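**Student:** Attaching a single structure in structure tokens format; questions to follow.
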């Protein structure tokens, strides 16, 4: 009888015969540094996202001295500061947090597209985990639910993802 491996956060199972060698996630070291970029716009939401991210990093053993937080005016400004952090070469991973809420125009769509593409480009250009924790919500109610409400805390989820990605990239062959 074949054993199956369970994919975390999924009900999908992969038979062992398909996965001959699984790359493990290494633990975070005390030399790994993390940057968090947080938008001030919709601060009642982004503060909760930041709280979730910090709580998750601390629970994983990351000391406050290993975390730098930069506040930017709004979500549009997140990528340029994330890029500066990436260019410095000091950080193992970056968490980006913000909240863009739909209004009466399509302004939110342009912001969301630009921010998400910018963060992905930074991640790929610097071979660095850059987590997209900028909420793209239809309403303030949706944002509240995603900032510690009944849908969880997306800041915490981004911190979990950055920890996993940093650990995984330690074991992935370069280039």
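**Student:** What shape does the range 101-175 have by the C-alpha gyration tensor, where a ≥ b ≥ c are the square roots of the eigenvalues, rounded means a/c under 1.5, and otherwise prolate means a/b greater than b/c and oblate the rest?
**Tutor:** It comes out oblate by the Cα gyration axes.
**Student:** So, in Å, what gap is there between the alpha-carbon centers of the range 52-81 and the range 121-175?
**Tutor:** 11 Å
**Student:** Continuing with this model, one more query. Would the range 36-134 count as rounded, prolate or oblate if I go by the C-alpha gyration tensor, calling it rounded below 1.5 in a/c and otherwise prolate when a/b exceeds b/c, oblate otherwise?
**Tutor:** Oblate shape, in that a/c is at least 1.5 and b/c is the bigger or equal ratio.
**Student:** Right, next: For the chain, what is the calculated [θ] at 222 nm in deg cm²/dmol (nearest 500), taking -39500 (n - 2.57) for each run of four or more DSSP H residues and dividing by its residue count?
**Tutor:** -13000 deg cm²/dmol
**Student:** Turning to a different aspect of this structure: When DSSP assigns beta bridges and you keep just the ones with both residues in the range 33-169, what percent turn out antiparallel, to the nearest 5?
**Tutor:** Just about 10 percent of them are antiparallel.
**Student:** Another question, if that's okay. What percentages, rounded to whole numbers, describe P(r) for the chain computed over all alpha carbon pairs with 10 Å bin width beginning at zero?
**Tutor:** Each 10 Å bin holds this share of Cα pairs: 10, 35, 33, 17, 5, 0.
Each reported figure results from applying straightforward, stated rules to the coordinates on display, with no laboratory input. Just so we're clear, the structure is a prediction, and the values are computed from it rather than from any experiment.
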